[in-house]
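Read-outs: derived from the displayed coordinates by stated rules, not from any lab. Here the structure is a predicted model, which is why all the values come from computation and not from measurement.
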Amino acid sequence: MFGKGSIIYSVTKNKCPRCQEGDFFKNPNSYKLGTFTEMHVNCSSCGLKYEIEPGFFYGSMYVSYALNVAWFVTLWVATSVLAPDMAKMTQFLIIAVTLLAMYPIMYRYARLLYTNIFVKYKRV
Ligand SMILES: [Zn+2]
């Protein structure tokens with residue numbers, strides 16, 4: 001289910017959506033803040049051009065928005081259930097800090113998920 005051939009594999013392992021061999025982002029470490037946005041132009045294994053058309057990755061902002069809202073709602077419900085007396089401002093600050101801390105991961109997952117919507121896995 002999470003092995004090679006699944007979208008989850010491509011997204012979590014930073015792999016090309018088509019062949020799942022070549023790396024998508026240049027640096028495998030999401031928290032190397034100077035370079036976490038740098039991507040390869042083409043897949044080193046199958047040659048897929050990652051930016052399918054100019055401005056392709058603008059669409060990944062919608063995926064990023066959905067991921068961030070999902071994280072916000074999950075943490076809001078979790079903190080409300082686990083600590084019902086917690087002040088709303090504290091809840092909000094916890095969520096805001098975790099969202100900021102997860103920004104590099106959300107950025108990468110959004111781009112990889114968005115690309116995986118349009119490019120299907122093909123065994124090479
Ligand atoms: Zn590839």
If you take all C-alpha pairs in the range 30-124, what percent of them are over 21 Å apart?
-> 47 percent
For the chain, modelled as a GNM with alpha-carbon contacts under 10 angstrom, which of LYS13, LYS88, LYS49 fluctuates the most?
-> LYS88
GNM result for the chain, Cα springs below 10 Å: residue of ALA110, ALA87, ALA101 fluctuating most strongly | ALA87
Build a GNM of the chain with springs between Cα atoms under 10 Å: which of MET102, MET86, MET61 gets the top mean-square fluctuation?
-> MET86
